[in-house]
Amino acid sequence: MKISDSMVKSINDQIKAEYDSAYIYLAMSAYFEDAGLKGMAHWMKKQYAEEVEHAEKFIDYLYQRGARVIIPDIAKPKDSYNNALDVFKTAYEHEQYVTSRIYKLVEQATNEKDYATISFLKWYVDEQMEEEDNTSGIVSQLEFLGDDKRGVYTVDRELAAR
Ligand code: OFO
């Protein structure tokens, strides 16, 4: 069954959203490098690479369905933050936003009875749950630590292990 033009358009839009996410995390990594928080910088760099993979997975899916991929512009990400908590809060909010986008794609695929796309999107639904869980967990840790710099450095060392 042929994938609909509107589904192809929505997935192309999501490819852009994934590259935008990648750049947001790359900018967060640069912020942490500058702040001397190497573990957090490393964590964000890994996240950047994951987002590129998310985009590529969508690209390959469109190829598989014989659809046209449009390589998008990438939006310039924000590059200054107040502190580590501010960064991870932003990351958590961003992941919630991406989850809402993925849910909309599932809704569209469901309305169109596009079962192949519904099945393909399941991976993203699970991945979003994991990403929200990871970022909100770090937010909770940092909120608990508040101004405790030593504590923040401990979290930084933990995140270096990702
Ligand atoms: Fe692609 O999952 Fe985060 O944004």
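The values are calculated or read from the model by the stated rules, or taken from the named source; none is laboratory data. Just so we're clear, the structure is a prediction, and the values are computed from it rather than from any experiment. Backbone-built Cβ (ideal geometry, glycine too); neighbour counts: all protein chains shown. Side chains are part of the model used for accessible areas, which takes the heavy atoms of the whole protein and leaves out ligands, DNA and RNA. Shrake-Rupley method; radii C 1.70, N 1.55, O 1.52, S 1.80 Å.
The heavy atoms of Lys9 present about 120 square angstrom of accessible area, all protein chains included, probe 1.4 Å. Spacing of the modelled spin labels on Val106 and Ala161, each 7 Å from Cα toward Cβ, amounts to 3.1 nm. Per residue, the chain reaches -28000 deg cm²/dmol at 222 nm when only DSSP H runs of four or more residues are counted, each adding -39500 (n - 2.57).
When the residues Val106, Val69 are ordered by accessible surface, computed with a 1.4 Å probe over the protein chains alone, the sequence from largest down reads Val106, Val69. Taking only the Cα atoms of the stretch 1-56, the radius of gyration and Dmax are 14.9, 52 Å. If you wrap the tightest convex hull around every Cα atom of the stretch 118-162 and split its volume per residue, you get 54 Å³. Between Lys149 and Arg68, the distance separating the two model label sites (each 7 Å from Cα on the Cα→Cβ line) works out to 5.6 nm. Counting heavy atoms of the protein chains alone, Met28 has an accessible area of about 0 Å² for a 1.4 Å probe. Relative to the Cα centre, the charge distribution of the chain, modelled as +1 at Lys and Arg Cβ and -1 at Asp and Glu Cβ, gives a dipole magnitude of about 360 debye. Expressed as a whole percent, the accessible surface of the chain that belongs to carbon and sulfur atoms is 52, based on a 1.4 Å probe. Taking 21 Å as the limit for the C-alpha separation, the pairs Lys46/Lys149; Lys38/Lys78; Lys45/Lys89 exceed it in the case of Lys46/Lys149. Each of Thr99, Thr90 has its accessible area taken with a 1.4 Å probe; listed largest first, they run Thr90, Thr99. Convex hull of alpha carbon positions in the stretch 1-128: directionally averaged projected area 7.5 nm². If one takes the longest principal axis of the Cα atoms in the chain, at what angle in degrees, from 0 to 90 and to the nearest 10, does the Cα axis of helix 84-111 lie? For 84-111 against the chain, the angle is about 10 degrees.
Taking a straight Cα-Cα cut-off under 17 Å and skipping sequence neighbours fewer than 8 places away in the same chain, the lysines within cross-link reach of Lys104 are Lys9, Lys16, Lys113, Lys122.
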